[in-house]
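Undergrad: One structure is given below, represented as structure tokens, and several questions about it will come after.
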Amino acid sequence: MGIALTVTICFAATVSPRVLAQNPDSTPPDSAEKQATQKTTNDEPVIGVNEATPVDLINVADGFRVELLYSVPKTEQGSWVNLCTDDKGRILVSDQFGGLYRITPPLPGQPVDFSAVESVPADIRAVNGMVWAFGALYVGVNDYEKEFPSGLYRITDSDGDDRLDRVELLRELLSGLDHGVHAVMPTPDGKALFLVTGNNVRPPELAESSPVRRVWGEDHLLPSMPDGRGHNRGVLAPGGIIYRVSPDGASVEAYASGFRNVFDAAINHDGELFTFDADMEYDFNTPWYRPTRICHVVSGAEFGWRNGAGKRMPFYPDNLPSVLDIGPGSPTGMTFGYGADFPAKYQKALFALDWSWGKLYAVHLKPQGSSYTATREEFITGAPLPITDAIIHPLDGAMYFTIGGRRVQSGLYRVTYIGEESTDPVDIKPVASEMRNTRHALEAYHGRQDPHSIDFAWPYLAHSDRFIRFAARTALEHQSVETWAERAFAESDPEKQVVALLALARVTGVCPQHRTDQTPEVDIAMRDRLLEAITAIDVSSLQLTYQLTLLRTTQIVLNRFGQPDERMIQSLIDSFDPLFPADSPELNWFLCETLAWLQAPMTAAKAIALIHAAPNQEEQVQYARSIRMLKSGWTPELHTAYFEWFLKAANYRGGASFEQFIQFIRDDAVTSLTDEEKESLADILARKPVKKSVLENLGEVFAGRSETKWTLDELSAAARTDLKHRDYDNGRRMFAAAGCYACHRFNNQGGNTGPDLTSAGRRYSPRDLLDQVINPSRVINDQFSAVTVVTESGQTHTGVVVNLFGDSIMINTDLTDPYKQINIDRKQIEELVVSKTSPMPVGLFNRMTKDEILDLSAFLISGGDPEHELFGN
């Protein structure tokens, strides 16, 4: 697998064969091969201006074949984004800004003819999701141009002529331009529909049986910073929601919330729902950045999207983590491989599509507790391949997928297996799981009150399985608070108690941003009882999971109920200050925020020390953000160190909003100074940063060192004998000093312009890891391959393709700076060559000692586990 690195892509101004087919004086191509791979005289593939990506430029897993069935004439049929089959096995497709079309799949090896693409007469447009269910076509409409109300529609045949023509709006949903109403699919019980929506859809009136209660909030203890470029400013919780809707649209329940921009979802053989949520690329290299991710969507789930810097990270106990982090991208369609005429592992795979990076991932799920873990492989890749949707056809067992969206060139493809492995159907019956059954039993109390629920849920509040804990707390929150509040205060098990107190804070307090004229007055007595219960718990005796829960509960109480009296503030400081700093960056996140809000006097000194010690910019930015409104405990020396950090941070790189976020932090820090402090700090406040490259900025530890050109054999020999008893902290420092965090993610920290290295130690031997650094161009990860573009005007640009829109191609020209991008008009491209040279720089080891290289290698192999056998004596 891998992009054909030797191929040159020439963008010729040829006319689409689909358009030629309408011209009686022209002869259409007689095969998909001619349509897909016209040749120049030097035998290089050509993509015509109105041509879908040729199969020559698409890579697929071994044993599979991809056919280009149809290049969509853009002016006549738009840009396709969705697929489904009807009750007769015909394929229905939708134009993102137009109508619907129907296609009968052609025989193997045959293309789709223009005349075979039927226009569906239904008066509908902007369909972003569709499914055939309950004897009708159900569609989700998200119309940017507002010709149709966004929402859920049902389309049927009114007169039995086998043509869909009757359109019913079942439920209107108010939606913004993007991140709107998307996919629709039957629920596992076959009684309703899941409707997938992004964070620009306003929640409608919800049924009382809704698993997600309207107790959501922003819950920022410190004021959150809006996006630096204004994206979604003012959009509050709950973010994107997956709804459960009755077939007639009358009943709408919120099934799960907290998504950014989910476009599709899929249900596995166990009846479990999965989705692929989007990242916020403007947040690259900030502590609150969350990569695109596969989420196991359970009843009542919260996945933590909030505007700007307010996103909840995976360790927040009031939301759920992903099953698998993918990295940067733009998630689109999803489907399981059930029914595919594929080898067994692909029949069981969850296929997840990435539009901007041109990837179709095969995600392999493995049950773990009441949820799952997952790994991924790149099943299909292409450049460009803005892939939008995929289905497994129920009759021929082939996969069909589309490219298109945002008015880019669209096409329809078919994937079949032609290898030698068995394609016998696999057993897709549900697999029994005791923990999953427990979670389901708890979820049965979501959305309904039952006197037995409290006794049933209570023992599971401190269960070792996070999804079971979450289900138990959610079940509790759906019961009348009068029936369990006293039990929460009286609970003698501190682990159960902290979870119960979290539930109690959520259902009795209201986030300030969500208060209305009808909101009851703040219950001061409840606040004081909650805080008394919190301070009565010995937080140092708790496991990390419950320490995080206790700190987060404290934050929610202080945010929703307001500031307590001075006695309680001091009691909270006495409880938390001895823990800070902790060994856990996650615990330090909560401790620093909370103690800064409490104005604890030692917070400034401790936070500045952490900023200096933190090996990556994400941790530094988080501590700097947490103390920006702190007014106590400062000395002139501490203030000077703080504002000197801003001079250094001016050279840090991130997404499009990164610089503005740093400016927001600094502005708040300056505002928090007294007039006297501003006067004494006038020189440092006026100083301008000295511009340095990312590698210069991060690698100051190597200043003045001479270079050693280490060989692979030399370092491999050392790794064979000296890789144990390494220094974990020094390995982490070297990872930062070499600039690795600038591009690579590791344990939820770092950049996303290079591969995630968290699991590198499980994939590579020590020699292979060393080889990747010493010889970065020997094997290049397909997802991060660079391209060189030559324009008609003679300009040359090298970088990674990160986005497409219409005829525009966006290229990131510096992987250490995610926002260093150029926009190139596809029509002006003379040549686009996939590079054989890795964007990763050569010589990263040259200024390190052998021990530093071995510490770094051990750090990578350990996956970030300081208890790994490679460390210690």
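Undergrad: As a quick test, which of the pairs Lys366/Lys496; Lys311/Lys345; Lys348/Lys836; Lys631/Lys688 have an alpha carbon distance above 31 angstrom in this structure?
TA: Going by Cα-Cα distance, Lys311/Lys345; Lys348/Lys836 fall outside the 31 Å limit.
Undergrad: Once R0 is set to 56 Å, what does the formula 1/(1 + (r/R0)^6) return for the Cβ-Cβ distance between Lys827 and Lys366, expressed as a FRET efficiency to the nearest 0.05?
TA: 0.75
Undergrad: Right, here's the next one. Rounded to the nearest 500, what is the chain's calculated 222 nm mean residue ellipticity when only DSSP H runs of at least 4 contribute -39500 (n - 2.57) each, over all residues?
TA: Theoretical 222 nm ellipticity from helices: -7500 deg cm²/dmol.
Undergrad: Based on the mean of other Cβ atoms within 10 Å per residue, sort peptides 430-440, 548-558 so the most packed one is first.
TA: Answer by packing, highest mean first, reads 548-558, 430-440.
Undergrad: Could you tell me how far the Cα centroid of the range 678-694 sits from the Cα centroid of the range 365-400, in Å?
TA: 50 Å
Undergrad: Given points 7 Å out from each Cα along the Cα-Cβ axis, report the His440 to Leu712 separation in nanometres with one decimal.
TA: With each label point 7 Å from Cα toward Cβ, the separation is 5.1 nm.
Undergrad: Run through the range 822-873 and list the trypsin sites (Lys or Arg not before Pro) located in a DSSP loop whose Cβ has at most 13 other Cβ atoms within 10 Å.
TA: Sparse-neighbourhood loop trypsin sites (Lys or Arg not before Pro): Lys836.
Undergrad: With contacts defined as alpha carbon pairs under 8 Å and 6 or more residues apart, what's the relative contact order of the chain in percent?
TA: 10 percent
Undergrad: Then there's this: Tell me the net charge near His364. Cut-off is 13 Å between Cβ atoms, His364 excluded, with +1 for each Lys or Arg and -1 for each Asp or Glu.
TA: Net of charged neighbours comes to +2.
Undergrad: Quick one: pull the percent of accessible area on the chain belonging to carbon and sulfur, 1.4 Å probe, ligands and nucleic acids left out.
TA: The value for the chain is 49 percent carbon and sulfur by accessible area.
Undergrad: Per residue, how much accessible area does the range 59-209 have with a 1.4 Å probe, in Å²?
TA: Result: 38 Å² of accessible area for each residue.
Undergrad: With a/c under 1.5 counting as rounded, go ahead and sort the range 271-428 into rounded, prolate or oblate using the C-alpha gyration tensor (a ≥ b ≥ c being the square roots of the eigenvalues; past the cut-off, prolate if a/b is larger than b/c, else oblate).
TA: It comes out oblate by the Cα gyration axes.
Undergrad: What accessible area per residue, rounded to a whole number of Å², is obtained for the range 582-627 using a probe radius of 1.4 Å?
TA: In whole numbers, the range 582-627 has 26 Å² accessible per residue.
Undergrad: Further, regarding this structure: Test of understanding: what is the full-extension gain from Phe134 to Arg567, defined as 0.36 nm times their sequence separation minus their Cα-Cα distance?
TA: Additional length available on full extension: 149.7 nm.
Undergrad: So, in Å, what gap is there between the alpha-carbon centers of the range 640-670 and the range 97-173?
TA: 49 Å
Undergrad: What does the accessible area per residue of the range 218-367 come to in Å², with a 1.4 Å probe and no ligands, DNA or RNA counted?
TA: 21 Å²
Undergrad: Out of the range 625-693, which trypsin sites (Lys or Arg not before Pro) are coil in DSSP terms and have no more than 13 other C-beta atoms within 10 Å?
TA: Lys631, Arg687, Lys691
Undergrad: Would you mind checking the range 117-145 for residues with the amide N under 13 Å from a putative spin-label position 7 Å along Cα→C-beta of Leu177?
TA: In the range 117-145, the label zone of Leu177 (backbone N under 13 Å from the point 7 Å along Cα→Cβ) covers 144-145.
Undergrad: What length, rounded to one decimal in nm, is gained on full extension from Arg763 through to Lys688, with 0.36 nm per residue of separation minus their alpha-carbon distance?
TA: 22.6 nm
Undergrad: Right, here's the next one. The range 178-230: which GluC sites (Glu not before Pro) are DSSP loop and have at most 15 other beta-carbon atoms within 10 angstrom?
TA: Those that pass, being in a loop and sparsely packed, are Glu205, Glu208.
Undergrad: Testing the spin-label approximation: label points 7 Å from Cα along Cα→Cβ at Glu659 and Ala536. State their distance in nm.
TA: Once both label points are built, they end up 5.4 nm from each other.
Undergrad: By average Cβ neighbour count within 10 Å, what is the ranking of 490-496, 191-197 from highest down?
TA: Answer by packing, highest mean first, reads 191-197, 490-496.
Undergrad: Shifting gears a bit: Using 0.36 nm times the number of residues separating Glu637 and Thr674, minus their current alpha carbon distance, what extension gain do you get?
TA: 11.8 nm
Undergrad: Between the range 260-308 and the range 592-627, what is the separation of their alpha carbon centroids in Å?
TA: 28 Å
Undergrad: Using the per-residue mean of other Cβ atoms lying within 10 Å as a proxy for protection, in what order, highest first, do the peptides 715-725, 156-166, 128-138 fall?
TA: The densest-packed peptide leads the list: 128-138, 715-725, 156-166.
Undergrad: What distance in nm separates the two pseudo spin-label positions at Asp157 and Phe489, each 7 Å out from Cα along the beta-carbon direction?
TA: My value for the distance between the label points is 6.6 nm.
Undergrad: Under the rule of at least 5 residues apart or a separate chain, name every residue whose amide H is placed under 5 Å from the amide H of Asn82.
TA: Ser94
The values are calculated or read from the model by the stated rules, or taken from the named source; none is laboratory data. All of these numbers come straight from a predicted model, not from anything done at the bench. Positions of Cβ are backbone-derived with ideal geometry, glycine not excepted, and every protein chain shown enters the neighbour counts. Keep in mind that these areas ignore ligands, DNA and RNA; they rest on the heavy atoms of the full protein, side chains included. Shrake-Rupley method; radii C 1.70, N 1.55, O 1.52, S 1.80 Å.
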